[in-house]
1. Just the number, please: percent antiparallel of the DSSP beta bridges in chain B, rounded to the nearest 5.
2. If you restrict to DSSP beta bridges whose two residues both lie in the protein assembly as shown, what percentage is antiparallel, to the nearest 5?
3. Before anything else, pin down the relative contact order of chain B: Cα pairs under 8 Å, at least 6 apart, normalised by residue count, whole percent.
4. Express in nm, to one decimal, how much length is gained between residue A:134 and residue A:85 on full extension, taking 0.36 nm for each residue of separation and deducting their alpha carbon distance.
5. Counting Lys and Arg as +1 and Asp and Glu as -1, each charge on the Cβ, what is the dipole of chain A about the Cα centre in debye, to the nearest 20?
6. Tell me, what ³J(HN,Hα) does each residue in the stretch B:389-401 have, in order and in whole Hz, if you take phi through Karplus 6.51 cos²θ - 1.76 cosθ + 1.60 with θ = phi - 60° and put x for Gly and Pro?
7. May I ask for the distance between the Cα centers of the stretch B:160-184 and the stretch B:313-331, given as a whole number of Å?
8. Under a crude label model (7 Å from the Cα following the beta-carbon direction), how far is residue B:581 from residue B:93 in nanometres?
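Please treat every number below as a calculation from the coordinates, not as lab data. Predicted model, so just to flag it, every value in this text is computed and none were measured. So basically every Cβ, Gly included, is an ideal-geometry build from the backbone, and we count neighbours across all protein chains shown.
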Amino acid sequence: MLDVQKIIEDVTQVYGKSRTALMPILQAVVKERNYLEDKEMIAVAKALDLSPAEVFGTASFYTFLDTVPRGKYCIRVCKTISCHMAGKDEIIKALEDTLRIKVGETTVDKQFTLMTANCLGWCHKGPVMLINDEVYPELTPQRAIEIVNGYRRENAG
Amino acid sequence: MNKFSVNLTINDIPVTVPEGTTILEAAKKLDFRIPTLCYHEDLCVAGNCRVCVVEQVGAKALVAACATPVAEGMCIHTNSATVRTARKTIIQLLLSEHNADCTKCYKNGNCELQNLAHEYRVGEHVFIDLINERRLTIDDLSPSIIKDDSKCIRCQRCVRTCHDIQGVSALAVAYKGDHQKISTFLDHPLVEVVCTNCGQCINRCPVGALVEKTNIEEVWDAINDPTKHVVVQTAPAVRVAIGEELGYDPGERLTGKMVTALRRLGFNSVLDTDFTADLTILEEGTELLTRLKKVLVDKDETVALPMTTSCSPGWVKFIEHTFPEFLPNVSTCKSPQQMFGALAKTYYATKKGLKAQDVCVVSIMPCTAKKYEANRPEMRSSGYKDVDYVLTTRELGTMIKQAGINFRNLEESHYDSLMGDSTGAGVIFGATGGVMEAALRTVYEIVTGREVPFKNLNILPVRGIEGVREATIKIEGCQPEWGFLEGVEVSCAVAHSLANAKKLMEAVKAGLVNYHFIEIMACPGGCLGGGGQPIPTSAEIRNKRSQAIYNEDAGLPLRKSHDNPEVKILYEEFLGAPNSHKAHTLLHTHYTPRKRY
Ligand code: SF4
Ligand code: SF4
Ligand code: SF4
Ligand code: FES
Ligand code: FES
């Protein structure tokens with residue numbers, strides 16, 4: 001169970017109860033569980049004397065601070081021009097097929113969420129995807145499926 | 001002079017201004033108008049719309065006039081070919097993401113974007129229309145406000161208003177890039193979040209993205225319904241602002257013409273909210289004295305002081321969300337609008353031999369929160385919805401125009417009787433500090449038998465524009481029954497705009513200040529700066545309306561609420577005494593704690 005109060009306490013120890021603490025708290029929550037729940041945003045707003053709208057506004061600005069439920073593994077395929085030219089569409093197609101979801105969706109077992117992202121700075125080695133914090137460059141459709149299978153095994157084992 | 005002067009030229013004309021002045025302000029000094037959209041003089045600078053760009057000789061790019069301070073030797077051109085082209089492109093880009101359906105739009109005719117599109121003759125769409133590509137919502141669930149994201153140009157005036165002026169932050173900027181939008185928490189409808197319905201965001205939205213929910217058609221229907229007796233009441237601040245909707249300069253007092261216009265619109269009876277403002281003073285003044293007695297004499301610890309006013313529904317909703325622990329401190333008096341509604345369907349109906357269900361009550365208010373207030377479930381003391389429809393000052397302006405009335409040529413006339421008399425004390429309800437002043441005029445006299453010790457009854461310390469003001473008034477020479485107040489210094493505070501109210505209540509909560517009585521108005525300047533008043537608004541405009549209100553007060557023969565002859569009759573024939581059982585049933589209410597988060 002994610003303890004948002006504990007995270008708030010730890011972070012405000014360092015940054016104080018000001019707006020400066022907002023991003024570190026949100027990042028810490030997302031690190032633990034990939035997305036922010038409504039009640040967590042409310043708890044953060046209370047602690048920092050902000051309105052929930054302000055917390056939501058900040059969170060929704062950042063692609064990596066999700067405000068809707070996400071799977072354990074967030075797959076983000078780069079959709080920007082270099083990766084596009086290098087064949088990101090085939091990668092996405094392969095992932096959609098193996099995971100049986102569309103971009104933006106989460107598998108029923110809540111394990112994988114498939115998303116796209118803007119340039120990840122690996123343009124010279126596209127197409128590239130990110131699974132949580134891990135970068136996977138120079139993908140082929142086959143390679144992408146293998147990587148996902150690796151996560152599946154890790155999870156089952 | 002503690003500021004350095006800066007010399008520059010604008011369109012080759014030299015000008016000297018203090019350091020820190022923006023190019024926009026310097027140009028204004030020379031009477032060059034630079035178009036703006038995100039800039040608003042009540043708000044901090046955002047610099048995001050870029051329509052105010054000007055050319056600075058020697059600079060690589062155009063600069064935003066609203067966000068750039070002047071520098072020594074600057075040469076600025078506000079209307080070069082480059083500037084005009086850039087501005088036109090910016091307007092075209094804004095329009096490419098805008099649902100520019102002007103003829104169907106509520107703001108048609110009073111829209112800053114439309115004006116600029118017209119001024120720059122933008123013509124055909126040059127850019128691909130992206131309006132259908134954006135995720136857009138219309139929130140029309142609030143009885144006060146409609147928020148239409150397809151009209152939003154993301155200037156963020158509303159966000160700054162709700163944060164800086166109101167301290168509420170119901171709205172924030174969410175998402176980014178082409179998905180950026182103005183959003184509540186998780187995009188919930190405004191009725192489900194901390195929004196106070198104050199309408200200050202509406203007053204500053206340059207386009208039709210935030211507007212009041214209009215009730216004009218319902219009111220016309222009621223007027224045209226032969227089975228209905230339609231009564232209209234006008235709030236104090238409307239008479240000094242309606243002119244702005246009809247081509248007058250700010251600050252005209254148009255009470256008499258407005259009354260005639262309302263009669264011409266077809267209302268069966270034209271009455272005055274000022275009447276119930278006077279009544280509020282008697283009810284609220286008595287409540288204050290009762291609370292003081294319970295605390296000072298009976299040592300009753302269940303009675304809460306300071307007592308705060310309750311006539312501003314924006315403030316009421318704010319305190320319900322933000323300081324629910326202070327709800328016992330809020331006067332139980334309904335607002336004058338709701339007292340009026342409750343009496344119109346009981347007292348007035350009986351006097352006129354009408355059935356309550358045949359009376360329709362319409363209010364003309366400077367306020368959007370009044371629309372919400374009239375829909376509160378508590379506001380049905382007559383057995384019916386006490387106030388049927390609330391129109392803003394702006395909506396009244398529209399109706400007068402629709403009816404083809406030549407307002408300037410109207411003769412002046414008086415309110416109808418029964419609930420049409422008012423005193424100067426009722427009129428000043430429309431300005432910040434006015435309720436306090438009116439209450440002191442009456443309470444002091446009840447207690448001492450003498451008039452308040454201020455020249456011409458003008459209690460200047462509670463007037464003014466500072467966000468929070470304090471005053472104390474020492475009570476001396478009490479009537480025997482009020483002996484317990486002898487020598488007591490009644491200490492009062494006044495705050496306007498909710499950010500100031502929040503500061504004041506936080507000080508009260510922390511025990512840093514000790515007051516007996518606090519007046520709070522949700523809007524800057526009080527109701528005269530309300531969210532239903534003519535657009536635009538600025539400190540200067542609010543100041544002119546305020547002067548008009550105080551002039552109206554000074555010019556009236558009766559200036560103390562307890563002198564209102566019709567209020568006296570109301571007590572004699574119907575209510576008995578202030579705070580009587582009947583008065584409590586009809587004129588008082590209770591509050592609901594709500595969540596801030
Ligand atoms: S907001 Fe202004 S420009 Fe847009 S449709 Fe309405 S009137 Fe026209
Ligand atoms: S009506 Fe008032 S409280 Fe509500 S969003 Fe607008 S400014 Fe904020
Ligand atoms: S709603 Fe109006 S004030 Fe708010 S950002 Fe949009 S256009 Fe500007
Ligand atoms: S374009 Fe894909 S990483 Fe840069
Ligand atoms: S008015 Fe200057 S950038 Fe918007």
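1. Rounded to the nearest five, the antiparallel share is 55 percent.
2. That works out to approximately 50 percent antiparallel.
3. 16
4. Numbers: separation 49, 0.36 × 49 = 17.64 nm, distance 2.22 nm.
Full extension of this stretch gives 15.4 nm more.
5. Numbers: 20 positive and 21 negative charges, 33 e Å.
Dipole about the Cα centre, nearest 20: 160 debye.
6. Computed from phi, the couplings for the stretch B:389-401 are 9, 10, 10, 7, 3, 5, 5, 4, x, 4, 4, 4, 5 Hz.
7. Taking the Cα centre of each part, the stretch B:160-184 and the stretch B:313-331 sit 23 Å apart.
8. It is 7.1 nm.
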